[in-house]
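Here is the structure we will look at.
The values are calculated or read from the model by the stated rules, or taken from the named source; none is laboratory data. Worth saying up front: this structure is predicted, and the values here are computed from it rather than measured. Here the Cβ positions follow ideal geometry from the backbone for every residue, glycine too, while neighbour counts run over all protein chains shown. The accessibility values were calculated without ligands, DNA or RNA, using every heavy atom of the protein model including side chains. Shrake-Rupley method; radii C 1.70, N 1.55, O 1.52, S 1.80 Å.
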Amino acid sequence: MKPIPTVSRDLIELPPAFPIVISQSEGVSPLFQRLHWHTALEINYINRGSGYYLINGTRHDFREGDILLINSNDLHRAFENEALVMTIIMFDPAYFALEQRYDTELLVPFREIGKRFDNLLDRGHPMLPRLGAAIEEMRSEFACREPHYEAVIRSQLVQFMAFVNRYFAKERERRSSHIRGMDTVRLVLNTVEADIAYPWTLKELAAAAHLSPSRFSALFVQTVGTSPMDYLIQLRLSAAVTLLESSDKKIIEVAESTGFRNLSNFNRLFKQHIGKLPSELRPHH
């Protein structure tokens, strides 16, 4: 059982339109030396030097070339032994909610740390250098910010997570109960997508999964990384973006046909998640 963090949570500010931050640190900053936790998912790549992490009370020694995964709410702190340089990727798990329509297990390496996955990826695995190179490419893209760097980083991060899933899982036989949960969530996702304009309630979604609302919410968050209702908002906004870019429907019609009952609410959520107003997506704007 994970300890309930009593340490106050770090608010890692991730820009809403592109909720990924990639940085490189030399040594261990005072921020990371103390025990801390945050809701962002974190990937660390050790470029140089060595040290160790305490994650939920377990010590993980690391050295050059190692890759560590740190889940939302993991209590952790880093310690430097010598000349430590590491690349840190932090991202909002909800950022990949839509990718998980196609691969519901995408973020499982974070969700199942301590079960099927370890915080520290197996340093003897031949795929590890390839993953390290991918992290360096993402860092370079993030630093240079050439046109479309967001799409490049997003696709590289999806591929990174897919390879971690494929090559670094342990104990294959423990998948069966896990898959049942995935299938339940997938069924509900399909139900919602078939009619996103319908004013779904949590109770109705849970009923579709034959679970209580609290059990369904817990399973959904564990699988997708965001609550069912937050996911529904993201799904609706994604559909709205498509309509705004590909049709001549009035903005109020787009809002209504994607399940938003009120224009100011639609504008507010759109700006918050997409980073622009709906009117700014119109080609003729």
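Using C-alpha pairs below 8 Å separated by at least 6 residues, the relative contact order for the chain is 16 percent. For Rg/Rh (Cα atoms, Kirkwood Rh), computed directly from the structure shown, the correct entry in (1) 0.94; (2) 0.97; (3) 0.99 is (3). Expressed to the nearest 5 percent, the antiparallel share of DSSP beta bridges inside the chain is 95 percent. Rolling a 1.4 Å probe over the protein heavy atoms of the chain, with every protein chain left in place, gives an accessible area that is 53 percent carbon and sulfur. Remark: spin-label model distance Arg123-Tyr52 equals 1.3 nm, labels positioned 7 Å along the Cα→Cβ axis. The string of couplings for the stretch 230-239 from the Karplus curve (6.51, -1.76, 1.60, θ = phi - 60°) is 5, 4, 4, 4, 5, 5, 5, 5, 4, 5 Hz, one whole number per residue in order, with x for Gly and Pro. Using the Cβ-Cβ distance between Phe18 and Gln222 with R0 set to 22 Å, the FRET efficiency works out to roughly 0.30.
A 1.4 Å probe over all protein chains sorts His273, His125 by accessible area into His273, His125, starting with the largest. Whole-Hz Karplus values for the stretch 247-262 come out as 9, 9, 4, 5, 4, 5, 5, 4, 4, 5, 6, 10, x, 9, 7, 8 Hz, taken residue by residue from phi with 6.51 cos²θ - 1.76 cosθ + 1.60 and θ = phi - 60°; glycine and proline positions read x. Model label points for Ile196 and Glu256, set 7 angstrom from Cα along the Cα-to-Cβ axis, are 1.8 nm apart. As a rough guide to protection, the peptides 87-95, 19-27 ranked by mean Cβ packing within 10 Å, highest first, stand as 87-95, 19-27.
Each of Thr242 and Ala207 was given a label point 7 Å from its Cα along the Cα-to-Cβ line. The distance between the two points is 2.7 nm.
Computed 3J(HN,Hα) for the stretch 241-246, one whole-Hz value per residue from the Karplus formula 6.51 cos²θ - 1.76 cosθ + 1.60 where θ = phi - 60°, is 4, 4, 5, 4, 7, 10, glycine and proline marked x. Taking amide hydrogens as placed 1.01 Å from N in the peptide plane, the amide H of Leu84 sits under 5 Å from those of Gly27, Ser50, each at least 5 positions away in sequence or on another chain.
The stretch between Thr39 and Glu26 holds 2.3 nm of extra length on full extension. This uses 0.36 nm per residue minus the Cα-Cα distance.
Relative to the longest principal axis of the Cα atoms of the chain, helix 213-224 runs at roughly 60 degrees.
Take every Cα pair under 8 Å whose residues are at least 6 apart in sequence, average their separation, divide by the length of the stretch 182-283, and the relative contact order is 23 percent. Close amide-amide hydrogen proximity is noted between Phe62 and Gly51, Tyr52, Tyr53, each under 5 Å apart and 5 or more residues distant or on a separate chain (H modeled in the peptide plane; Pro and chain starts excluded). Between Gln156 and Ser279, the C-beta separation translates, for a Förster distance of 51 Å, into a calculated FRET efficiency of about 0.95.
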